[in-house]
1. Is there a residue in region 171-180 that is under 17 Å from Thr112 (Cβ atoms) and touching a helix residue (DSSP H, G or I) at 6+ places or on another chain (Cβ under 9 Å)?
2. Would you please list the contacts, defined by Cβ atoms under 8 Å and residues six or more apart or on different chains, that run from a residue in region 70-94 that is farther than 30 Å from Lys107 by Cβ to a residue that is open to solvent by less than 50 Å² (accessible area, probe 1.4 Å) and among the hydrophobic types (A, V, I, L, M, F, W, C)?
3. Looking only at region 67-116, how many residues end up being open to solvent by 20 Å² or more (accessible area, probe 1.4 Å), charged (D, E, K, R) and not in a strand (DSSP E or B)?
4. For region 1-66, which strands (runs of 3 or more DSSP E) that fit wholly inside it have 1 or more residues that are touching a Pro at 6+ places or on another chain (Cβ under 7 Å) and modelled with pLDDT of 95 or more?
5. Within region 8-32, track down each residue that is surrounded by 10 or more Cβ atoms within 10 Å (Cβ to Cβ), among the polar types (S, T, N, Q) and without any contact (Cβ under 8 Å) to a residue 40 or more places away in the chain.
Amino acid sequence: PLPVGFVYTEKAPLYRQQGPRLVRCGHAVRMNRFRVVGARNVSGRAFWVAPTGVLIPRDRVRVARRTGRPGYISDHTRWIHVDLSEQTLVAYLGPTPLLATLVSTGKPGRATPTGHHRIHWKKVSATMRGTDKKTGRYEVGDVPWVMYYRSRYALHGAYWHSRFGRVRSHGCTNLPPADAWWLFRWTRPV
């Protein structure tokens, strides 16, 4: 169920509140997920609250929230929402969320297109090339589970990094490979 939080840093300290103070009770590692049941501020610090009452610092977590579906989407239509500010993706069937995950979208100067788009072409794998202002030309072969939705922009798996939840792509939406595979099989066209 949404909202769901994803730890996107290497480690996130976990706390329990005892009166006015916080007591550290462990840590969560990158990609750990939890249902967000609330938010709390303690001594000027912002936290998300997990079902067990554990507090996780807001700056270590990305949150996938339910979003209103566009009016033209029926109860049986598959659609995807990418939240650029939270670096999350949620796949829906009508009003029902089926998959939530972290993504990495376009960095400054290479923004991911906003708006409503349809996937028009899919490839099991592709070679992606381009130019980066900092590093020059790049070429990445065997990019998995590519779903093009606008010109050269696509949703696809990214095996070359694991920093999902952070802006870093050349405009595409990078997904963990297992989530890209699920999405590739679920989306249309076949």
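1. Yes, region 171-180 contains at least one residue that is under 17 Å from Thr112 (Cβ atoms) and touching a helix residue (DSSP H, G or I) at 6+ places or on another chain (Cβ under 9 Å).
2. Gly94/Ile73
3. Total satisfying the criteria: 4.
4. 11-18, 21-29, 33-35, 45-49, 55-57, 61-64
5. Gln17, Asn32
The values are calculated or read from the model by the stated rules, or taken from the named source; none is laboratory data. Owing to the predicted nature of the structure, the values given are computational and were not obtained by experimental measurement. Every residue, glycine as well, gets a Cβ built from its backbone with ideal geometry; the counts of neighbours run over all protein chains shown. Areas reflect the complete protein model, heavy atoms only, side chains present, ligands, DNA and RNA absent. Shrake-Rupley method; radii C 1.70, N 1.55, O 1.52, S 1.80 Å.
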